[in-house]
Amino acid sequence: MLSKNKISKSIVKYQDYIAYGFLQGDMIMECKNTNVSFPSASIIKVFLMYYALKNRGDFSDYLETSNLKLTDDSLLIFFVNQKIPFEASLSLLIDVSDNSIANYIVDKVGMEKLNLFFWQEGFKKTKLERKFLDFEAQKKGLENSTCVDDIFLLLYKVFTGDSLKPAEKYIFDSIMKKQFDRSKCNLYLPESLQTGGKSGTLNNVWNDFIYFTHNNKLVIICFLTHDLPLFLSRELIPSYTYHAVKGILDDRSL
């Protein structure tokens, strides 16, 4: 685990490759480059889920896997010709980051319409430029993007506003709290601390964010990074999160 001093020095040294924010309630504890666009990797799938929940009428109650273009990494290859409940498909989208479901939503709604929705919702730096696992588009320089401020806004819309109905808000929260990947923000945190969040990884991108409630205040820690040395990519996010959470929790076991 990196020390606080090592974290601070690394953030200064690689400041152009790191965006992060630490919020507690309406107070910004620390932040850098929060309005700068970064490659989103799979974090943009949370915005897709937000659209799907807010526009529930656009989707059927069940998705038939036979109608989906299954990516090679999709768990749905084991459920050919099966019907997947809408809520379960969103769980696959977020919890195991299923690319087939993500591409289904993009195809169903349309990239242009999704980007317009993001803009109208206030997510000014969140944009789809390619489908997931579209490596040819990636070679052409097309990349999906977001920023820390947009992620903060999304979570505040869901948890402190009325952007989603109570039932959809419950679905959003319950799915986000089943995140399978605990290799970044959650790595050094006890499992007893129930966090929601989403990670995203590409060859040179390590992103993650978590949220939880403490003393009736929403706490959010978010990191977007690219092109960092591999060791720093793997240690910066979990180390920073550990020290930040330890500083606000009463639990001395951290």
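In the chain, the longest principal axis of the Cα atoms and the axis of helix 86-95 are about 40 degrees apart. Electrostatic tally near Cys185: other residues with Cβ closer than 11 Å to its Cβ, Lys and Arg +1, Asp and Glu -1, net +1. Using a cutoff of 8 angstrom between alpha carbon atoms and counting only pairs six or more residues apart, the relative contact order for the stretch 70-192 works out to 24 percent.
Shape analysis of the stretch 74-171 places it in the oblate category; the axes a ≥ b ≥ c from the Cα gyration tensor give an a/c of at least 1.5, with a/b not above b/c. Computed from the C-alpha gyration tensor, the three semi-axes of the ellipsoid equivalent to the stretch 1-73 are 37, 17, 11 Å, from longest to shortest. Using all pairs of distinct alpha-carbon atoms, the Kirkwood hydrodynamic radius of the stretch 4-248 works out to 18.4 angstrom.
Basic side chains Lys and Arg get +1 at the Cβ, acidic Asp and Glu get -1 at the Cβ, and with that the dipole of the chain about its Cα centre reaches some 480 debye. Hey, if you put +1 on the Cβ of every Lys and Arg and -1 on every Asp and Glu Cβ in the chain, which of Cys222, Ile101, Leu53 ends up farthest toward the positive end of that dipole? The residue sitting most towards the positive pole is Cys222. For the set Lys54/Lys184; Lys125/Lys157; Lys32/Lys131; Lys169/Lys246, the pairs lying more than 25 angstrom apart at their alpha carbons are Lys54/Lys184; Lys32/Lys131; Lys169/Lys246. Computed about the Cα centre, the dipole magnitude for the stretch 76-122 is approximately 140 debye when only Lys and Arg (+1) and Asp and Glu (-1) carry charge, each at its Cβ. Averaging the sequence gap over all C-alpha pairs within less than 8 Å and six or more residues apart, then dividing by the number of residues, gives the chain a relative contact order of 27 percent. This ranking places Tyr20, Tyr170 by how few other beta-carbon atoms lie within 10 Å of each, fewest first, which gives Tyr170, Tyr20.
Its Cα centre serving as origin, the stretch 23-141 has a Cβ charge dipole (Lys and Arg +1, Asp and Glu -1) of approximately 400 debye. Measure nothing fancy, just the Cα-based angle from helix 166-176's long axis to the longest principal axis of the chain, in degrees from 0 to 90, nearest 10. Result, in degrees: 70. Among Thr213, Gly141, Ile7, which residue has its Cα furthest toward the positive end of the charge dipole of the stretch 4-248, with +1 on Lys/Arg Cβ and -1 on Asp/Glu Cβ? The listed residue farthest towards the positive side: Ile7. Reducing the stretch 21-100 and the stretch 197-218 to their Cα centroids gives an inter-centroid distance of 14 Å.
When the Cα gyration tensor is reduced to axis lengths a ≥ b ≥ c, the ratio a/c is 1.5 or higher for the stretch 43-82, and with a/b not above b/c it is classed as oblate.
Please grab the % of Cα pairs in the stretch 147-254 that end up more than 20 Å from each other. In whole percent, the long-distance tail amounts to 41.
Does the stretch 140-188 classify as rounded, prolate or oblate by the C-alpha gyration tensor (a ≥ b ≥ c root eigenvalues; a/c under 1.5 gives rounded; else a/b over b/c gives prolate, otherwise oblate)? Note, shape of the stretch 140-188 comes out oblate. Return one number: the angle in degrees, 0 to 90 and rounded to the nearest 10, between the long axis of the Cα atoms of helix 230-248 and the longest principal axis of the Cα atoms of the chain. Compared with the principal axis, the helix lies near 70 degrees.
Readers should treat all values here as calculations from the given coordinates under stated rules, not as data from a laboratory. None of these values were measured; they are calculated from a predicted model. Note that we place each Cβ from the backbone using ideal geometry, even for glycine, and neighbour counts take in every protein chain shown.
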